[in-house]
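Everything below concerns the one structure shown next.
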Amino acid sequence: MNEKEGNLRVAESILAEFAWNGRTFREGQCVALLDGKIVAVADNPDSAISALRAIDPDPKRGMVIEVTHPVVDVIR
């Protein structure tokens, strides 16, 4: 599994269950992921990105997600 796949696996679980590996999250938190691991949790995206970049400055690595309930769009 490559880095992106690992990050996506964790992100999907967090977004579906608001939890990962025994850790819970609340709506609105921003979670920074790197190499399939949680490296930071912040109350806003800028803080999460700053924490991620402090660990790895390469903008092609890692991801930040905002913990939210899914939104369903209805097209008529």
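We did not get these values from a lab; they are worked out from the coordinates using the rules stated. None of the values given here were measured: they were computed from a predicted structure. Note that we place each Cβ from the backbone using ideal geometry, even for glycine, and neighbour counts take in every protein chain shown.
Points worth noting:
- Under a 5 Å amide H cut-off, with hydrogens placed 1.01 Å from N, Ala40 pairs with Ala32 among residues at least 5 apart or on other chains.
- Cα extents of the chain along the three principal axes, largest first (Å): 43, 30, 29
- Between Ala16 and Arg53, the simple spin-label model (points 7 angstrom out along Cα→Cβ) gives 3.2 nm.
- In nm, spacing of pseudo-spin labels at Val41 and Glu27 (7 Å Cα→C-beta vector): 1.7 nm
- Acute angle (nearest 10 degrees) that the helix 3-17 long axis makes with the longest principal axis of the chain, alpha-carbon atoms: 40 degrees
- Between helix 45-55 and the chain: long-axis angle, C-alpha atoms, 0 to 90°, nearest 10: 30 degrees
- In Hz, Karplus ³J(HN,Hα) per residue of segment 24-35 (6.51, -1.76, 1.60; θ = phi - 60°; x = Gly, Pro): 10, 10, 10, 4, x, 6, 10, 10, 9, 10, 8, 6
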